[in-house]
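*Asks:* Attaching a single structure in structure tokens format; questions to follow.
The values are calculated or read from the model by the stated rules, or taken from the named source; none is laboratory data. Quantities reported herein were computed from a predicted structural model and do not represent experimental measurements. Because the Cβ atoms are built from the backbone with ideal geometry, glycine has one as well, and the counts that use them run over all protein chains shown. With ligands, DNA and RNA removed, areas are computed over all heavy atoms of the protein, side chains included. Shrake-Rupley method; radii C 1.70, N 1.55, O 1.52, S 1.80 Å.
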Amino acid sequence: MMLRDSTLPYTVAHRGLSAHAPENTLAAVRAAHRSGCQWVELDVQLLGDGTPVIWHDAGVRRCSNRRGKLFKFDRETAKTLDVGAWFHPRFAGERIATLAEMLGLLNELGMSVNLELKVNRGRDPKILTDTALPMALEALPASRLIVSSFNRQALESARRLESDGRRLRLGLLYDQPPKEWRAIAERLNAYSLHLDWRRLKEKRVQEIKQAGYRLLCYTANDPIAFTPCWQWGADAVISDDPGLFTHYLPSTG
Ligand code: G3P
Ligand code: MG
């Protein structure tokens with residue numbers, strides 16, 4: 001059996017501690033830290049002026065007090081958005097986090113990140129990767145960073161920027177992996193696969209583990225329903241509320 005990687009946690013807080021704070025914000029990362037979570041998953045994409053920010057959607061409507069496409073904002077206008085009040089009034093005044101600000105906070109708190117290169121429709125994967133990745137590599141040691149994406153071009157650009165798999169761990173994100181996932185993982189010198197836990201099958205987990213890759217499962221908030229995934233060999237769960245899993249981790253039975 002493959003030894004467990006000491007730099008991989010059992011739980012990762014999805015978009016920060018998004019069950020208890022507005023997703024992908026500095027507040028959500030602080031909340032994850034306060035709850036004892038060492039790892040967060042965060043989405044990064046670019047504003048219209050090329051500033052990388054921590055944001056999931058193509059638009060700002062769901063998670064702010066305004067409407068419009070994210071790329072229509074520049075740094076100055078994006079900073080006028082209230083990205084906290086939609087979640088709860090006590091987060092009113094929270095501002096969109098630039099990647100630089102977020103990396104600063106992660107370092108201040110000694111935290112680790114699964115940074116997802118989020119390529120929304122019509123956006124350029126290479127420009128996103130070429131902008132965001134060097135910043136992440138500069139700010140964080142390899143042991144505190146996993147870079148993932150649903151977008152193959154983004155991952156290919158990332159591997160071109162850093163060819164050493166020990167210096168940059170890449171995760172392939174899939175709802176369901178295609179038949180040729182193994183060839184893709186080999187070509188990218190990938191570290192992990194990040195799969196939708198609801199579609200996971202035991203056979204697929206075995207294939208992934210036997211091929212030597214780590215398996216992270218998103219986005220699970222039901223620790224009892226998730227139990228078979230641990231039994232099959234999942235390495236980590238990405239959850240909006242990792243505290244729910246405290247008594248259901250493999251090491252604690
Ligand atoms: O990285 C796991 C998960 O975040 C992927 O889906 O849509 O929440 O970014 P999404
Ligand atoms: Mg994500």
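*Asks:* Let's see if you can work this out: charge +1 on each Lys and Arg Cβ, -1 on each Asp and Glu Cβ, no other charges. What is the dipole magnitude of the chain about its Cα centre, in debye to the nearest 20?
*Replies:* The dipole of the chain has a size of about 440 debye.
*Asks:* In units of 2.2 N^0.38 Å, what is the alpha-carbon radius of gyration of the range 1-130?
*Replies:* Numbers: Rg = 14.9 Å, N = 130, 2.2 N^0.38 = 14.0 Å.
After normalising by residue count via 2.2 N^0.38 Å, the value is 1.06.
*Asks:* Roughly how many Å² is the accessible area per residue of the range 11-252, as a whole number, for a 1.4 Å probe?
*Replies:* 45
*Asks:* At a 1.4 Å probe, what is the % contribution of carbon and sulfur to the accessible area of the chain?
*Replies:* The value for the chain is 49 percent carbon and sulfur by accessible area.
*Asks:* Taking the DSSP beta bridges in the chain as the whole, what percent of them are antiparallel, to the nearest 5?
*Replies:* Counting DSSP beta bridges with both partners in the chain, the antiparallel share is about 15 percent.
*Asks:* So, one more: Mind grabbing the accessible area of K209 for me, 1.4 Å probe, Å², rounded to tens?
*Replies:* 50
*Asks:* Given the C-alpha centroids of the range 74-111 and the range 201-252, what is the distance between them in whole angstrom?
*Replies:* 30
*Asks:* Give me the Debye-computed log₁₀ of I(q)/I(0) at q = 0.08, 0.11 Å⁻¹ for the range 11-252, equal point scatterers on Cα only, no solvent, two decimals.
*Replies:* Relative scattering, expressed as log10 I(q)/I(0), comes to -0.28, -0.54.
*Asks:* Which three semi-axes in whole Å describe the equivalent ellipsoid of the range 91-227, each the square root of 5 times a Cα gyration tensor eigenvalue, listed largest first?
*Replies:* 25, 19, 15
*Asks:* Positive end of the charge dipole of the chain (Lys, Arg +1 and Asp, Glu -1 on Cβ, about the Cα centre): tell me which of A183, T98, T246 has its Cα farthest that way.
*Replies:* Selected residue: A183.
*Asks:* For the range 146-200 and the range 11-35, what is the separation of their C-alpha centers, rounded to whole Å?
*Replies:* If you average the Cα positions of each part, the centres end up 24 Å apart.
*Asks:* P(r) for the range 149-253: what percent of alpha-carbon pairs falls in each 10 Å bin, starting at zero?
*Replies:* 15, 46, 30, 10, 0
*Asks:* Using a Gaussian network model of the chain with C-alpha springs under 10 Å, which one of R160, R152, R75 is most mobile by mean-square fluctuation?
*Replies:* Result: R160 has the largest fluctuation of those listed.
*Asks:* Under 26 Å between C-alpha atoms is the cut-off here; go through the chain and count lysine pairs that meet it, provided they're at least eight residues apart or on different chains.
*Replies:* 16
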